[in-house]
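Undergrad: Quick one: structure below, then a few questions.
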Amino acid sequence: MKEQTSTEEKIITAATGIFLQKGKDGARMQEIADYAGINKALLHYYFRSKDRLYDEVFKRELKKFFTGIFTSVKDTEDAKIFIRSFINLYTDRIAKNQNLVHFIISEIEKGGASISSVIVESMQKNKMQPLIITNKIQDAIAKKQLRNIDPVNLMISLIGLCLYPFLAKPILEKTFLGVNVTSPEFLARRKKEVFDLVWNGIKYENEK
């Protein structure tokens, strides 16, 4: 059983690197087998098809990406801390998983069913209801930490502001010479300025 688990993990590790780099269409099962140090027949014994292997890799990577974000959100009551933490953590996760971002976008273009199921599963694993984030925003509005805003639109704005520089990286770096959107300096400024922009627009008038 231990040997079986070890072989499966070798396959997953090899497939993760290749899928994230080349996507499902560009990856080849023989290449994955070679990278894992096994023959192709053994690869097919563990995973009958490339689609099945891809689904397993994709779900694992998404779970790792989202679980930490959900955990940080779950235990935060103060709206200002929640907004800042979300921006910082989401931006850092994207910066460290840029291939996964394009991976996610390609899946969204196919309908997004896999992403939706993984997000719901990750929430359930962390004992979170699907609406916990929007409910937290509603609570903050009721406590007069935030002005009366639409929670869903706020979350869409937060995700978009964090995600866009990575999606548009080639364009931004060619348009604004000297800008490196993945440098520590740029990321630190970006997180601060996104927070300042958002917080000053949503805070209750008496909040600082």
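The values are calculated or read from the model by the stated rules, or taken from the named source; none is laboratory data. Only a predicted model underlies this, so the values are computations on that prediction, with no experimental measurement involved. Backbone-built Cβ (ideal geometry, glycine too); neighbour counts: all protein chains shown.
Undergrad: When only residues in the stretch 145-160 that are in a loop (DSSP other than H, G, I, E, B) and out of contact with any strand residue (DSSP E or B) (no Cβ under 8 Å at 6 or more places or on another chain) count, which is farthest from Val194 (Cα to Cα)?
TA: Looking at the filtered set, the residue picked out is Asn148.
Undergrad: Taking helices (runs of 4 or more DSSP H) that fall entirely within the stretch 77-125, which contain at least 3 residues that are modelled with pLDDT of 85 or more and aliphatic (A, V, I, L, M)?
TA: Correct list: 79-96.
Undergrad: Of everything in the stretch 160-208 that's in contact with a Lys or Arg (Cβ under 8 Å, 6 or more places away or on another chain) and not charged (D, E, K, R), which residue is surrounded by the most Cβ atoms within 10 Å (Cβ to Cβ)?
TA: Among those that are in contact with a Lys or Arg (Cβ under 8 Å, 6 or more places away or on another chain) and not charged (D, E, K, R), it is Ile202.
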